[in-house]
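Written below as structure tokens is the structure these notes are about.
The values are calculated or read from the model by the stated rules, or taken from the named source; none is laboratory data. Small disclaimer: the values here were computed from a predicted structure and weren't measured. All Cβ positions, even for glycine, are placed from backbone atoms using ideal geometry, and neighbour counts span all protein chains on display. These accessible areas exclude ligands, DNA and RNA; they are computed on the full protein's heavy atoms, side chains included. Shrake-Rupley method; radii C 1.70, N 1.55, O 1.52, S 1.80 Å.
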Amino acid sequence: MDINAPLPSNSIASLPADELEAPPLTIWQLTWRRFRRHKMAMFGSVMLALLLLYAIGGAFLLSEEFANQTETGMRLSSPSAAHPFGTDTVGRDILARTIYGGQISILIAIFAMLVEVIVGVTVGALSGYYGGWIDNSLMRFTEVVLIIPQIFLLLVMARYFAQSIPNIKFMGRTFSGSVVVIVFVIAITSWPYLARIVRAQFLSVKENDFILAARATGTSTRDIIFRHVLPNCTAPIIVSATLSVAAAITLEAYISFLGLGVRPPTATWGNMLEGAYNYIDTAWWLWFFPGMLIALIVLSINFLGDGLRDALDPHSRAI
């Protein structure tokens, strides 16, 4: 086949007029085009937006005082018009508690992700760029952290340190000190995975010609790292950060279900499940609604992460 042969006229005529006259796409326009063609990622994005609207917007309709209000005469009431999600063992409205519990679960996941990204990117960047003894030292330390069982560390620290931390007031709300312990443990046991990813990216990118040219022109190390190398590593960082939010929500649910997570009166989806353990058969609404919300948000974030991974892949040919 002659590669210089012109395309058939019918092939050109079949192309939309906007594609024939459209200017070249930027990298972010191309990323968005790939992302929106990923149907499950779009479904996950819409579902995540609705869940965030539920957790944040619901606070404008139902107060926190109402979520913590007990009414023993209405304990273990099944879903009704007055209480769409039913009530718990002390008569508290489950709908209101899932709203405020969702806020805590999401905040824990976001703060844990931010700490993970800061530590992981810093360690990975220093290790990958400088190499030598810095790389060896940081990677050996990373491997030590990797072998620590995450669930075991969560259990131990929640058992012995959560009770000693006083309650914290943040944005007009009072949080139990166990929130700090959960965020800290999730973050310090999750960053090694991201650090290894960033290190591999830095090792690859720093050998490119444009980095060698920047060094030859006297560009400072700080500018090379933050203006040339790091921007070319954003794709795996974004994907890893997205998926780590889902992992943090799941971990918080694990530890809270075992009774060592966030302490009452602070509600989370996880500790709401712990309170429903003895009523699985007799009061299904106690575990169904918080469990469903956990499943939906983790599923939507994973779909979103898969879509971002495909959309940000520089080797993808899909447009």
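Just to be sure, is G261 surrounded by 20 or more Cβ atoms within 10 Å (Cβ to Cβ), in a loop (DSSP other than H, G, I, E, B) and not charged (D, E, K, R)? Answer is yes for this residue. Counting only residues that are assigned to a helix (DSSP H, G or I), touching a residue at least 12 places away in the same chain (Cβ under 8 Å) and under 18 Å from P84 (Cβ atoms), the stretch 283-306 holds 8 of them. Within the stretch 106-145, the set of residues being aromatic (F, W, Y), surrounded by 14 or more Cβ atoms within 10 Å (Cβ to Cβ) and either more than 29 Å from L51 (Cα to Cα) or more than 20 Å from the chain's Cα centre (by Cα) (or both) comprises Y129, Y130, F141. Contact map, the stretch 93-109: residues that are of a type in the set (D, E) paired with residues that are open to solvent by 10 Å² or more (accessible area, probe 1.4 Å), Cβ distance under 7 Å, separation 6+ or inter-chain. Pairs shown: D93/F66; D93/H83.
Filtered by the rule that a residue be without any contact (Cβ under 8 Å) to a residue 60 or more places away in the chain and in a helix (DSSP H, G or I), the stretch 264-282 gives L273, E274, Y277, N278.
Condition check for E21 on (1) farther than 25 Å from H83 by Cβ; (2) at pLDDT below 90; (3) touching a helix residue (DSSP H, G or I) at 6+ places or on another chain (Cβ under 9 Å): one failure, at (3). Scanning the stretch 189-210 for residues that are at pLDDT below 85 and aliphatic (A, V, I, L, M) yields a count of 0. State the number of residues belonging to the stretch 272-300 that are crowded, with 16+ Cβ neighbours inside 10 Å and among the hydroxyl-bearing types (S, T, Y). Of the residues in that region, 1 qualify. Among the residues of the stretch 202-226, those identified as within 25 Å of M139 (Cβ to Cβ), open to solvent by 60 Å² or more (accessible area, probe 1.4 Å) and either in a helix (DSSP H, G or I) or in contact with a Pro (Cβ under 9 Å, 6 or more places away or on another chain) (or both) are L203, S204, L212, R215, R222, F226. Do the conditions hold for S63, that is, is it hydroxyl-bearing (S, T, Y), within 29 Å of the chain's Cα centre (by Cα) and at pLDDT below 85? The answer is yes for S63.
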